[in-house]
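See below for the structure under consideration.
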Amino acid sequence: GAGVSQSPRYKVAKRGQDVALRCDPISGHVSLFWYQQALGQGPEFLTYFQNEAQLDKSGLPSDRFFAERPEGSVSTLKIQRTQQEDSAVYLCASSPSGGAAEQFFGPGTRLTVL
Amino acid sequence: AQSVAQPEDQVNVAEGNPLTVKCTYSVSGNPYLFWYVQYPNRGLQFLLKYITGDNLVKGSYGFEAEFNKSQTSFHLKKPSALVSDSALYFCAVRDFYNQGGKLIFGQGTELSVKP
């Protein structure tokens, strides 16, 4: 079956530009997570949705980062006024529920800010 | 705070030899532990998890992991390494102090299997 998909796969932005990253989770998955993975590091949590409700945004590094999931399926991570330190791979993951269920990851979007 | 540590940045193994990728954890309460593998330019693929029960967990591609509560470890193992196992491996613990149970990852260990 279809896994988690993300688009675009690669994004180059000039410093100060706004970007939008899309995540299509596995159909029916209630939970959706965004992670940021810097080069040579493990992924770090950004935010979590249960259906359309954003229940945890404690990992968002600044108010330039904004995420939404308006209909409880597709999610968009938006970064305003991008900075060079935003350069990273942004990973989306979905899960059928909380608890012990594993998270299924998309291929990621590699963002490079020049 | 919950955390995991992967003490080795890189592990080198000859094809056909057994491999071990180390992970230690620090949690309050019972841990939910996971191993993921990441190939270049791809997302993370789930290998296995420990929730409760048998301390030896079997997963995908012939991998297994041993949960050791006294040593707070969850090492990933495979009896006979393949060149195709070369990749980046991440240990993670589920954080239940925040809603949704986000994953907290280690820094990763790069496994290199030589023919």
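Across region A:8-25, the number of residues qualifying as assigned to a loop (DSSP other than H, G, I, E, B) and more than 14 Å from the chain's Cα centre (by Cα) comes to 5.
Of the residues A:Leu39, A:Leu32, A:Leu60, the single one that is more than 10 Å from the chain's Cα centre (by Cα), of a type outside the set (D, E, K, R) and either modelled with pLDDT under 95 or within 24 Å of B:Ile51 (Cα to Cα) (or both) is A:Leu39.
Scanning region B:57-98 for residues that are loosely packed, with under 15 Cβ neighbours inside 10 Å and within 14 Å of chain A (Cβ to nearest Cβ) returns B:Ser60, B:Tyr97.
Return yes when A:Ser31 is under 23 Å from B:Phe96 (Cβ atoms) and facing chain B (nearest Cβ under 9 Å) and no when it is not. When the stated conditions are applied, A:Ser31 passes them.
Given the criteria without any contact (Cβ under 8 Å) to a residue 12 or more places away in the chain, over 28 Å from B:Tyr89 (Cβ atoms) and of a type outside the set (S, T, N, Q), does A:Lys78 qualify? For A:Lys78, the condition - without any contact (Cβ under 8 Å) to a residue 12 or more places away in the chain, over 28 Å from B:Tyr89 (Cβ atoms) and of a type outside the set (S, T, N, Q) - is not met. Counting the residues of region B:9-39 that are closer than 12 Å to B:Val113 by Cα, in contact with a Ser or Thr (Cβ under 8 Å, 6 or more places away or on another chain) and among the hydrophobic types (A, V, I, L, M, F, W, C) gives 2. You will find that of A:Asp86, A:Asp63, A:Asp56, the residue that is in contact (Cβ under 8 Å) with a residue 24 or more places away in the chain and among the acidic types (Asp, Glu) is A:Asp86 and no other. For B:Val27, which of the numbered conditions (1) at pLDDT 95 or above; (2) farther than 21 Å from B:Leu88 by Cβ fails to hold? All conditions are met except number (1). For region A:63-114, filtering for residues that are modelled with pLDDT under 95, more than 14 Å from every other protein chain (Cβ to nearest Cβ) and touching a Phe, Trp or Tyr at 6+ places or on another chain (Cβ under 7 Å) leaves 0. Residues in region B:31-46 that are of a type in the set (A, V, I, L, M), over 10 Å from B:Cys91 (Cα atoms) and more than 7 Å from chain A (Cβ to nearest Cβ): 0 in all. Among the conditions (1) under 17 Å from B:Leu44 (Cα atoms); (2) more than 11 Å from chain B (Cβ to nearest Cβ); (3) without any contact (Cβ under 8 Å) to a residue 40 or more places away in the chain, A:Ile26 misses just one, which is (3).
Could you tell me whether any residue of region A:97-112 is surrounded by 13 or more Cβ atoms within 10 Å (Cβ to Cβ), touching a helix residue (DSSP H, G or I) at 6+ places or on another chain (Cβ under 8 Å) and closer than 24 Å to B:Gly106 by Cα? Looking through region A:97-112, at least one residue is surrounded by 13 or more Cβ atoms within 10 Å (Cβ to Cβ), touching a helix residue (DSSP H, G or I) at 6+ places or on another chain (Cβ under 8 Å) and closer than 24 Å to B:Gly106 by Cα. Tell me, yes or no, whether region A:43-53 has at least one residue that is in contact (Cβ under 8 Å) with a residue 24 or more places away in the chain, more than 8 Å from chain B (Cβ to nearest Cβ) and over 19 Å from B:Phe96 (Cα atoms). Among the residues of region A:43-53, not one is in contact (Cβ under 8 Å) with a residue 24 or more places away in the chain, more than 8 Å from chain B (Cβ to nearest Cβ) and over 19 Å from B:Phe96 (Cα atoms), which makes the answer no. Look through A:Gly59, A:Gly42 and report the one residue that is under 27 Å from B:Ala87 (Cβ atoms), buried (at least 22 other Cβ atoms within 10 Å of the Cβ) and among the small types (Gly, Ala, Ser). That would be A:Gly42, the only listed residue that is under 27 Å from B:Ala87 (Cβ atoms), buried (at least 22 other Cβ atoms within 10 Å of the Cβ) and among the small types (Gly, Ala, Ser).
The values are calculated or read from the model by the stated rules, or taken from the named source; none is laboratory data. These numbers come from a predicted model, not from an experiment. All Cβ positions, even for glycine, are placed from backbone atoms using ideal geometry, and neighbour counts span all protein chains on display.
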